[in-house]
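Undergrad: I have a structure here, written as structure tokens, and I will follow up with some questions on it.
The values are calculated or read from the model by the stated rules, or taken from the named source; none is laboratory data. Keep in mind it's a predicted model, so treat the numbers as computed, not measured. When we count neighbours, we look across all protein chains shown, and the Cβ atoms used for this are built from the backbone with ideal geometry, even at glycine. Please note that ligands, DNA and RNA were not included when accessible areas were found on the heavy atoms of the full protein model with its side chains. Shrake-Rupley method; radii C 1.70, N 1.55, O 1.52, S 1.80 Å.
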Amino acid sequence: MSHSHEHAHLASALDLDAELVGGYLDDAAAAITRSLGRTPQRIVDLGAGTGTGTEALARNFDGAEVVAVDSSPEMIARVDERARAGGFESRTTTLVADLDDGLPPLDSPDVIWAAMSLHHVADPAALLRQAAAALAPDGVVAIVEMAGLPRFAPDADTALGTLEARCHAAASGAGWEAIADWTDTLDAAGYDVLHRDTIHVARTGPSESVARYAVHWFSQFRHRLADDLSGSELASLDRLIAPTDPASLHRRADLTLTAGRLLWVAKPAV
């Protein structure tokens, strides 16, 4: 797979995730306001991706400046495009920076936001200590992670449900980053956790987007867990992700989506 194709595939998956699960962003914004005790004026989005979080932050805090940081120039270009289309370009700054090299200058933000990005950093605790020094007085860090892998089988006792459970177990055994609990890391980095919550998302009924999201995840299982699954399991996955196969997920109208996000809002300890 070419680099450009990989980038386009990742961007599509991020946008699809935001379409289906992105409602948690409004809940997270409310928790930030309660924890901060005021409306933030400057927000930094670390690992901004295609800018879905940047857009949600700009929408929820309509007077705030938002700085989007990502290591990929292609992703940052998408953030710029989203900001222009969404009418918040004048309040948005974008930076290309590799967080493994440390934080770029951030100009004392009220909020540093990291959604599904902190687990990609080589030394998260060191980055969080840098974030503590970069924040404005009484500023907060907000971290979001997946609360487990999403589930799509409408019934756990079906063949699809059994295969899905097997894939989840294999993913866990392979050390996938599906769940990262940042409570201890925040404590070690010198933070007090002000808010911790699990935000649940459930979707039922026929949905082309849910089917596409299921294909994305079962494709990940097929290609990333090839050494951990049996030949028959891999063959079943091949059928599920093949658009023209009668058993394909593309053709199913009974899929459901159950997902969740873990949220932490924390501030540097005094």
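Undergrad: Out of all the residues in the stretch 249-267, which are surrounded by 14 or more Cβ atoms within 10 Å (Cβ to Cβ) and either assigned to a helix (DSSP H, G or I) or in contact with a helix residue (DSSP H, G or I) (Cβ under 6 Å, 6 or more places away or on another chain) (or both)?
TA: Matches in the stretch 249-267: LEU249, HIS250, LEU255, LEU257, ALA259, ARG261, LEU263, VAL265, ALA266.
Undergrad: Condition check: more than 13 Å from THR92 (Cβ to Cβ), surrounded by fewer than 24 Cβ atoms within 10 Å (Cβ to Cβ) and among the hydrophobic types (A, V, I, L, M, F, W, C). Does ALA64 satisfy that?
TA: So ALA64 fails the test.
Undergrad: Something else: Taking the criterion of being without any contact (Cβ under 8 Å) to a residue 12 or more places away in the chain and β-branched (Val, Ile, Thr), would at least one residue in the stretch 82-101 satisfy it?
TA: For the stretch 82-101, residues without any contact (Cβ under 8 Å) to a residue 12 or more places away in the chain and β-branched (Val, Ile, Thr): absent.
Undergrad: Condition first: out of contact with any strand residue (DSSP E or B) (no Cβ under 7 Å at 6 or more places or on another chain), part of a helix (DSSP H, G or I) and surrounded by 13 or more Cβ atoms within 10 Å (Cβ to Cβ). Now tell me which residues in the stretch 140-168 satisfy that.
TA: Selection gives LEU160, GLY161, THR162, LEU163, ALA165, ARG166, CYS167, HIS168.
Undergrad: Select from the stretch 70-81 the residues that are of a type in the set (Gly, Ala, Ser) and touching a residue at least 12 places away in the same chain (Cβ under 8 Å) and write down the one among them that is farthest from ILE112 (Cα to Cα).
TA: Within the stretch 70-81, the match that is farthest from ILE112 (Cα to Cα) is SER72.
Undergrad: Would you call MET75 modelled with pLDDT under 95, surrounded by 15 or more Cβ atoms within 10 Å (Cβ to Cβ) and under 30 Å from ARG252 (Cα atoms)?
TA: Spelling it out, it is not the case that MET75 is modelled with pLDDT under 95, surrounded by 15 or more Cβ atoms within 10 Å (Cβ to Cβ) and under 30 Å from ARG252 (Cα atoms).
Undergrad: Residues to consider are SER108, SER90; find the one that is at pLDDT 95 or above, over 20 Å from the mean Cα position of the chain (by Cα) and closer than 26 Å to VAL193 by Cβ.
TA: Of SER108, SER90, the one residue that is at pLDDT 95 or above, over 20 Å from the mean Cα position of the chain (by Cα) and closer than 26 Å to VAL193 by Cβ is SER108.
Undergrad: In addition: Could you list, in sequence order, all residues of the stretch 177-189 that are farther than 21 Å from THR256 by Cβ and surrounded by fewer than 16 Cβ atoms within 10 Å (Cβ to Cβ)?
TA: Correct list: GLU177, ALA180, ASP181, THR183, ASP184, ASP187, ALA188.
Undergrad: So which residues in the stretch 111-127 are more than 17 Å from ARG42 (Cβ to Cβ), under 20 Å from the mean Cα position of the chain (by Cα) and surrounded by 13 or more Cβ atoms within 10 Å (Cβ to Cβ)?
TA: Result: ALA115, MET116, SER117, LEU118, HIS119, HIS120, VAL121, PRO124, ALA125, LEU127.
Undergrad: Only one residue in ARG34, ARG59 is more than 26 Å from ALA126 (Cα to Cα), part of a helix (DSSP H, G or I), among the charged types (D, E, K, R) and in contact (Cβ under 8 Å) with a residue 60 or more places away in the chain. Which one?
TA: Result of the check over ARG34, ARG59: ARG34.
Undergrad: Could you list, in sequence order, the residues of the stretch 37-56 that are touching a residue at least 40 places away in the same chain (Cβ under 8 Å) and either in a helix (DSSP H, G or I) or open to solvent by less than 30 Å² (accessible area, probe 1.4 Å) (or both)?
TA: Result: PRO40, ILE43, VAL44, ASP45, LEU46, GLY47, ALA48, GLY49, GLY53.
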